Structures are given as structure tokens and as C-alpha cells.
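Student: Have a look at this one before I ask anything.
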Amino acid sequence: MAERKPIESWLTDMDGVLIHEGVPIPGADAFLKKLRESGKPFLVLTNNSIYTPRDLHARLRRMGLDVPVDNIWTSALATAKFLDDQRPGGTAYVIGEAGLTTALHDIGYILTDHEPDYVVLGETRTYSFEAMTRAVRLIKDGARFICTNPDETGPSAEGPLPATGAVAALITKASGKKPYFAGKPNPLMMRTGLNTIGAHSETSAMIGDRMDTDVLAGIEAGMQTFLVLTGLTTVEDIDRYPFRPSHVVNSIADLVDRV
């Protein structure tokens, strides 16, 4: 195996790596502080499209974690970048929260339910049967179906919640059309994120707690991958997949000295 180049930039997932159920994971603050002091490009990524980067910056800061707004990359931003590249100045019917609608407004998209170019599905805690019905009918009438991410469930203090991927399955079944997912594990999210910070995949690393999204996206984008065991994946889970991370560590605390 060819020797990898030194890591010059870092991408890291948020939930399960830096925080868990609203509480910082030990070592997260030290890791982020080391990154900021090093001057190396870095991004904190999340498939959650509910919040804007400003929202997430404020939420993380309340937890004691300082992540500049420009260092946060969401599936909503990746989706907006994709749509801006595909059809600049287009129109979309959106099911989602401010993180998604703001990202689309910022690229000049018009949000409408009248013959939109796209139906864009994101994360929300108030999925409406009326909105889903409208989405199905618009897709059947020719709108292209886009989703921010394929996650079928999301975390909460009470247990798993149905997420974008689960709602996408319902709309797919009713409309007969499968969506294009912009978020992880699509390497598009990683590559657009790397471009945003001027980084290159061959000298970048991805840190995550999930094999099926974080590690897979990192591998497909050509990066080194670090799996942490503070989230959803256990050591026993790794062999169930046909691919492996470059490294497995207990937590983000083990990577502070790697920066």
C-alpha cells in the first residue's frame, strides 16, 4: 500500500464525534482548539439540515465548543451548492427548516409550490401529511426529487426519530421516483466541503462515528478515515461492512496529538 501524505486538513462529523445528546465528548474542545491554533483548514460536518451554520455555531458555543461559522458545512449547504451548479436561479418546493430554506435563498432560489424545478426534502420535526402529499403530486408532475441526506432515523433524548430518509421512502413509494441524496455518504458533500476550504482529498482526513455515512463518504472522496467509538458504531460492527476505516480510535481525544 502506498504511503499516505501527511494530513493537512481535517473534516469531522459532529454528533457522536464532538457532542453526544447535547453534551461535548471529552477531548472535543482540545481537538478544536488545536485545529484553530494550527491554522490547518478544517470543517465540522453534519447531515442535519435543520440549522444554519450560525445556529450551529451558537449551539456549539453554549456547549463550550468554539467552531467558527465558516468552518461548519451542512447537508443543506451541500444541497444548495449542487442545485446552484445544476440549475442556477431555479425554483423549489421545500420541506424543511431554516437551515435548508436559508441555504436556498442565499443561492438565489425561489421557493414555490407552482411548477417548481425541484422538490427538496430536508430534516424537520414537523413533517406534514399535507406537505408530503403536495410533494408527491409535484414530483408526479415532473419536479425533480432531491433530498439533503439519506439518514432514516435521528437521535433524541427519548430515542430514535424518523428522519429524512424515512420520509423520502414514503414519497418515493407514492410518487414512483427515487431522490438524489446530496449529503453523506455521497462524496459530493465531502468534495464541495473540501473545495470550500481549499483543501485536497489526498492530504485530508475524515473523522466519524458511522461506517455507512462518515467512513464510506471519506473513502469514496479519497481521504484517510478515522472511526471513533463514541457514537453509533462498535468494534464488532466494523467487520459487517465490505470496507474498513484507515484508523479506529476510542474517541476524538486520541486525535489531539495528530493535528
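The values are calculated or read from the model by the stated rules, or taken from the named source; none is laboratory data. For clarity, every value in this text was computed on a predicted model and none was experimentally measured. Quick reminder, even Gly has a Cβ in these numbers, built from the backbone with ideal geometry, and neighbours come from all protein chains shown. To get the accessible areas, we keep the full protein, side chains included, count just its heavy atoms, and leave off ligands, DNA and RNA. Shrake-Rupley method; radii C 1.70, N 1.55, O 1.52, S 1.80 Å.
Student: Roll a 1.4 Å probe over the protein chains and send me the accessible area per residue for the chain in Å².
Tutor: Working: 12260 Å² over 259 residues.
Counting only protein heavy atoms, the per-residue value for the chain is 47 Å².
Student: Bin by bin, in steps of 10 Å, what percent of the Cα pairs in the stretch 182-221 do you find, going until the bin that has the longest distance?
Tutor: Over the stretch 182-221, the share of Cα pairs per 10 Å bin runs 34, 59, 7 percent.
Student: What FRET efficiency do you get for residue 20 and residue 86 if R0 is 45 Å and r is their Cβ-Cβ distance, rounded to the nearest 0.05? Please list the in-between numbers first.
Tutor: On the way: r = 36 Å, r/R0 = 0.79.
My answer for the efficiency is 0.80.
Student: Can you spot the lysines whose alpha carbon is less than 29 Å from residue 5's alpha carbon? Ignore those fewer than 8 places along the same chain.
Tutor: By straight Cα distance, residue 5 reaches 33, 34, 40, 81, 184.
Student: Would you work out the relative contact order for the stretch 1-118, in percent, from Cα pairs under 8 angstrom that are 6 or more residues apart? It would help to have the intermediate numbers written out before the result.
Tutor: Numbers: 157 pairs, mean separation 26.4, N = 118.
This gives 22 percent for the stretch 1-118.
Student: Show which lysines lie in cross-link reach of residue 140 when reach means a straight Cα distance below 23 angstrom and same-chain residues fewer than eight apart are skipped.
Tutor: Within reach: 173, 177, 178.
Student: So, one more: Please list the equivalent ellipsoid semi-axes of the stretch 1-109, computed as the square roots of five times the alpha-carbon gyration tensor eigenvalues, in descending order and whole angstrom. Mind dumping the intermediate values first?
Tutor: Numbers: eigenvalues 152, 72, 26 Å².
Result for the stretch 1-109: semi-axes of 28, 19, 12 Å.
Student: Now, a different point. Along its principal axes, what span do the Cα atoms of the stretch 43-84 show, with the longest given first and each in whole Å?
Tutor: 34, 17, 13
Student: Could you work out the helix-only [θ] at 222 nm for the chain, with each DSSP H run of four or more residues adding -39,500 (n - 2.57) and the total divided by the number of residues, to the nearest 500 deg cm²/dmol? Don't skip to the end; give the middle numbers.
Tutor: Working: 9 runs with 85 residues, N = 259.
Counting only the DSSP helices, I get -9500 deg cm²/dmol.
Student: How big is the stretch 86-158 by the Kirkwood estimate over distinct Cα pairs, in Å? Could you put the intermediate results ahead of the total?
Tutor: Numbers: mean 1/r = 0.0778 Å⁻¹.
Result for the stretch 86-158, one decimal place: 12.9 Å.
Student: Return the loop-located GluC sites (Glu not before Pro) in the stretch 143-215 (DSSP other than H, G, I, E, B) with at most 10 other Cβ atoms within 10 Å of their own Cβ; answer none if there are none.
Tutor: Answer by residue number: 158.
Student: Let me ask something additional. Counting pairwise Cα distances across the stretch 100-259, what percent come out greater than 25 angstrom? Intermediate values should be presented prior to the final figure.
Tutor: Values: 5372 of 12720 pairs.
Across the stretch 100-259, Cα pairs with separations above 25 Å total 42 percent.
Student: Using the Cα atoms of the stretch 157-233, I'd like the radius of gyration and the largest Cα-Cα distance, Dmax, both in angstrom.
Tutor: 14.9, 43
Student: Ok, one more. Could you calculate the contour length gain from residue 200 to residue 250, that is, 0.36 nm times the residue separation minus the distance between their Cα atoms, to one decimal place in nm? Provide the component values of the computation, followed by the final result.
Tutor: Values: separation 50, 0.36 × 50 = 18.00 nm, distance 2.62 nm.
Gain on stretching residue 200 to residue 250: 15.4 nm.
Student: Moving to a separate point now. Given charges of +1 on the Cβ of Lys and Arg and -1 on the Cβ of Asp and Glu, with all other atoms neutral, how large is the dipole of the chain about its Cα centre, in debye to the nearest 20?
Tutor: 360
Student: Leaving out ligands, DNA and RNA, and with a 1.4 Å probe, what % of the accessible surface on the chain is carbon or sulfur? Intermediate values should be presented prior to the final figure.
Tutor: Working: 6220 of 12260 Å².
About 51 percent, which is the carbon plus sulfur part of the accessible surface.
Student: Report the percentage of all Cα-Cα pairs in the stretch 119-186 whose separation exceeds 17 Å, rounded to a whole percent. Could you put the intermediate results ahead of the total?
Tutor: On the way: 855 of 2278 pairs.
For the stretch 119-186, the share of Cα pairs beyond 17 Å comes to 38 percent.
Student: When the Cα centres of the stretch 15-49 and the stretch 58-122 are compared, how far apart do they sit, in Å?
Tutor: With the stretch 15-49 and the stretch 58-122 each reduced to a Cα centre, they are spaced 21 Å.
Student: While we're looking at this one, here's another question. Starting from the stretch 154-259, pick out the chymotrypsin sites (Phe, Trp or Tyr not before Pro) whose DSSP state is loop and whose Cβ has at most 14 other Cβ atoms within 10 Å. Numbers along the way, then the final one.
Tutor: Numbers: sites: 180, 181, 226, 243; in loops: 243.
Loop-located and lightly packed - 243.
Student: Measuring from label point to label point, each 7 Å out along Cα→Cβ, what is the residue 37 to residue 232 span in nm?
Tutor: So the two model labels end up 3.4 nm from each other.
Student: Are there trypsin sites (Lys or Arg not before Pro) in the stretch 115-159 that DSSP puts in a loop and that have at most 12 other Cβ atoms within 10 Å, and which ones? Present the calculation step by step, with values, prior to reporting the outcome.
Tutor: Details: sites: 125, 134, 137, 140, 144; in loops: 125.
Hits after loop and neighbour filter: 125.
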